[in-house]
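The values are calculated or read from the model by the stated rules, or taken from the named source; none is laboratory data. Here the structure is a predicted model, which is why all the values come from computation and not from measurement. We place every Cβ from the backbone using ideal geometry, glycine too, and count neighbours over all the protein chains shown. Surface areas here come from the heavy atoms of the whole protein model, side chains and all, with no ligands, DNA or RNA. Shrake-Rupley method; radii C 1.70, N 1.55, O 1.52, S 1.80 Å.
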Amino acid sequence: MRPVPKKFRHVYPYLRFSSDPQGEGNSIERQREALRKGVLDRLDGLALEQVEITWLEDHGLSAYHGHHLSKGVMGDFMQKVKSRQVEPDSLFVCESVSRASRQGGFAVLGMINAMLDADMCVLLLDQGVVFNRSEIPKFLTVQLTLYAELAREESLIKAQYAKDNWSRNRQLAREKAGNFVFTRECPRWLEVHDGKYRVIEEKAASVREIYAKALDGFGIHKLVSHANTNRLPVPGKGDSWHASLVKRLLENRAVIGEFQPHVNGPDGKRVPEGDPIDNFYPAIVELDVFHAVNSLRRKRHEFPKRADA
């Protein structure tokens with residue numbers, strides 16, 4: 001039997017948020033402050049420099065979908081726990097069950113059992129008690145399972161609200177094409193102003209020039225070189241042109257004003273929903289120019305190195 005130690009030499013505080021608005025708000029600092037206090041309260045006279053503290057942070061990863069375990073720091077930490085790379089009697093600290101997981105009782109108990117099997121101690125601040133495999137408070141397992149299921153149910157409700165909201169927005173997008181902002185996220189040559197999409201003229205001019213040069217026979221790499229040499233404003237992230245950006249621009253039907261709504265498929269990948277919506281965005285490239293450029297690109301792909309007109 002290994003009693004809960006009075007002093008911890010290594011502490012692992014874990015904090016997480018799942019969305020950008022949470023990160024931009026006070027979620028992270030509030031969690032950090034709560035975890036700092038929770039750790040300091042349990043050092044039992046040890047100076048802070050005598051304790052090794054390894055902060056575990058997952059920013060913008062969902063615990064409902066388990067992304068913090070499949071893609072994040074928490075997943076890496078749990079692998080170390082299961083392979084006994086975390087020293088015994090170290091302390092894992094988390095604000096609440098919902099920060100550790102929103103996948104239900106089985107998932108939470110699985111994570112905690114792995115830590116206990118590795119002779120770690122666990123502190124969930126909302127429970128207020130440190131426990132290990134030998135000292136588990138009465139009914140704690142029942143409480144953790146209940147809180148985990150409530151957290152999962154809360155996420156299910158939020159997910160359904162979000163799904164319904166996006167569904168309404170997609171319907172409005174079809175009904176009010178040209179007069180409805182589906183989301184502030186839009187093609188990089190546009191911006192949202194007074195509730196409408198507005199063309200950023202210098203970036204739109206860059207797109208038109210790329211199409212004009214493509215119509216003259218420029219290939220992808222030559223277009224990239226031309227854009228960078230002439231310092232055309234970049235209609236995308238970053239401050240330089242690259243092949244994938246040019247390729248996307250030449251294939252993007254948003255330049256002719258078209259918008260294709262998407263939904264998440266069964267495998268989590270986005271798939272088109274319904275027909276594209278015409279005249280949703282302000283068009284910046286003529287329809288015949290768009291089709292002519294893409295026709296040339298298809299012919300170049302089908303008949304490489306052909307020299308005829």
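I'm trying to understand the selection: among the residues of the range 53-67, which are modelled with pLDDT under 90 and open to solvent by less than 30 Å² (accessible area, probe 1.4 Å)? Within the range 53-67, S62, A63, G66 qualify. Remark: pairs (first residue in the range 180-199, assigned to a strand (DSSP E or B); second residue basic (K, R) and modelled with pLDDT under 85; Cβ separation under 6 Å; 6+ apart in sequence or on different chains) = V192/R184.
Taking V192, is it of a type in the set (A, V, I, L, M), crowded, with 16+ Cβ neighbours inside 10 Å, out of contact with any helix residue (DSSP H, G or I) (no Cβ under 8 Å at 6 or more places or on another chain) and at pLDDT 70 or above? The answer is no for V192.
Tallying residues that are within 28 Å of the chain's Cα centre (by Cα) and open to solvent by 80 Å² or more (accessible area, probe 1.4 Å) within the range 195-207 yields 2.
Output the residue which, of all residues in the range 1-52 that are among the β-branched types (V, I, T) and within 26 Å of R133 (Cα to Cα), is modelled with the highest pLDDT. If you could, list the steps in order and put the result at the bottom.
Initially, the range 1-52 is screened for residues among the β-branched types (V, I, T), giving 4, 11, 28, 39, 51.
With within 26 Å of R133 (Cα to Cα) added as a condition, the list becomes 4, 11, 39, 51.
Details: V4: 77, V11: 90, V39: 76, V51: 79.
Step by step, filter the range 1-52, then rank; the result is V11.
Residues considered: I277, I284, I210. Of these, the only one that is open to solvent by less than 20 Å² (accessible area, probe 1.4 Å) and over 27 Å from K299 (Cβ atoms) is I277. Of the residues making up the range 244-281, those that are at pLDDT below 85 and in a strand (DSSP E or B) number 7.
Applying the criterion of being open to solvent by less than 30 Å² (accessible area, probe 1.4 Å) and either touching a strand residue (DSSP E or B) at 6+ places or on another chain (Cβ under 7 Å) or in contact (Cβ under 8 Å) with a residue 24 or more places away in the chain (or both) to the residues of the range 214-225, the residue that is nearest to L296 (Cα to Cα) is A214. Of the residues making up the range 226-243, those that are in a helix (DSSP H, G or I) and open to solvent by less than 60 Å² (accessible area, probe 1.4 Å) are H226, A227, A243. The set of residues in the range 113-122 that are hydrophobic (A, V, I, L, M, F, W, C) and in contact with a Pro (Cβ under 9 Å, 6 or more places away or on another chain) comprises A118, M120, C121. Among the residues of the range 107-129, those identified as surrounded by fewer than 20 Cβ atoms within 10 Å (Cβ to Cβ) and either in contact with a strand residue (DSSP E or B) (Cβ under 6 Å, 6 or more places away or on another chain) or not aliphatic (A, V, I, L, M) (or both) are G110, N113, D117, D119, D126, Q127, G128. With respect to the conditions (1) under 22 Å from V4 (Cβ atoms); (2) at pLDDT 85 or above; (3) surrounded by fewer than 16 Cβ atoms within 10 Å (Cβ to Cβ); (4) of a type outside the set (G, A, S), L91 falls short on a single one, namely (3).
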